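Bear in mind these aren't lab numbers, they're just calculated from the coordinates by the rules spelled out. Every value quoted in this text rests on a predicted model; they were computed, and no experiment measured them. Note that we place each Cβ from the backbone using ideal geometry, even for glycine, and neighbour counts take in every protein chain shown.
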Amino acid sequence: MATIQEAYEYWLELSTKFDTVIDDSIKDNEELIIKEQVDQMRHGQDAEGNVIGIYRSWAYALFKEEMGLQEPAPSGVVNLYLTGDFTRGIELQYSKDFVMPNSTDKKNNMLIEKYGDKIFGLMPERLGKVSQENILPDLLKRCKEILKLND
């Protein structure tokens, strides 16, 4: 068992490292967050759970269905998938206040302009699931290690 002085020092260490601990927990789950983002897009949903858009051309919608590129999104619903370059280019961008998915693909700015910036970001249900099942347990484990707490 730690002395009061040791416990105080552990808490100080955690308080100075907390932002880094959060960032590391997110980075350790980056692949899962990106997978969820791509899956959400493939379902034709934006960050608010709304439909990304409807194809203006039914001929194009039919082409995507015939090529097997529409599912799992409903027929005629934009899913931002054709060649896979856009979704393969998705990565997380970190700033001081937030983490946001974005794509390095050359179509990124055009698609944001056309469908809005809500194409990126997990809808609350998905974000909650990833946070509760993956990020939070990782964060707690890191905090316990710094505080020298046993399970």
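Net charge dipole, region 4-147: roughly 520 debye, given to the nearest 20, about the Cα centre with Cβ charges of +1 for Lys and Arg and -1 for Asp and Glu. For region 36-104, the Kirkwood estimate of the hydrodynamic radius, built from every pair of different alpha carbons, is 12.8 Å. Once the Cβ-Cβ distance of LEU140 and ILE34 is raised to the sixth power relative to R0 = 35 Å, the FRET efficiency obtained is 0.95.
Hey, what number do you get for the chain at 222 nm if only DSSP H runs of n ≥ 4 count, each worth -39500 (n - 2.57), divided across all residues, to the nearest 500?
On the way: 7 runs with 78 residues, N = 151.
Here the helix-only value at 222 nm equals -15500 deg cm²/dmol.
Can you tell me the mean projection area, over all orientations, of the convex hull of region 4-147's alpha carbons? Units nm², please. Mind showing how you got there, number by number?
Numbers: hull surface 38.0 nm².
It is 9.5 nm².
Residues in region 104-115 carry Karplus couplings, in order, of 8, 5, 5, 7, 3, 5, 5, 5, 5, 4, 6, 10 Hz; the curve used is 6.51 cos²θ - 1.76 cosθ + 1.60 with θ = phi - 60°, and Gly or Pro positions show x. Here the relative contact order of the chain, from alpha carbon pairs under 8 Å that lie six or more residues apart, stands at 30 percent. Note on region 109-129 and region 76-94: Cα centroid distance 11 Å, given to the nearest whole angstrom.
Relative to the dominant Cα principal axis of the chain, helix 4-28 is inclined by about 10°.
3J(HN,Hα) along region 137-142, derived from phi through the Karplus expression 6.51 cos²θ - 1.76 cosθ + 1.60 where θ = phi - 60°, amounts to x, 5, 4, 4, 4, 5 Hz, with x in place of Gly and Pro. Mind checking the angle between helix 30-42 and the chain's longest principal axis? C-alpha axes, 0 to 90 degrees, to the nearest 10. With both axes taken from Cα atoms, the answer is about 30 degrees.
The GLU6 and LYS27 beta-carbon pair, evaluated with R₀ = 35 Å, returns a calculated FRET efficiency of approximately 0.75. When TYR8, TYR115 are sorted by how many other C-beta atoms sit within 10 angstrom of their C-beta, beginning with the fewest, the order is TYR8, TYR115. Residue pairs exceeding 31 angstrom between C-alpha atoms, taken from LYS96/LYS144; LYS17/LYS106; LYS35/LYS96; LYS27/LYS118; LYS17/LYS114: LYS17/LYS106; LYS17/LYS114. For THR83 and LYS118 in one chain, what is 0.36 nm times their gap in residues minus the Cα-Cα distance, to one decimal in nm? Using 0.36 nm per residue and subtracting the Cα-Cα distance, I get 10.5 nm.
Taking the Cα centre of the chain as the origin and placing charges on Cβ (Lys, Arg +1; Asp, Glu -1), which of MET41, LEU122, TRP58 is farthest toward the positive end of the dipole? Toward the positive end, the furthest listed residue is TRP58.
Ordering MET110, MET123, MET41 by the number of other Cβ atoms within 10 Å of each residue's own Cβ, fewest first, gives MET110, MET123, MET41.
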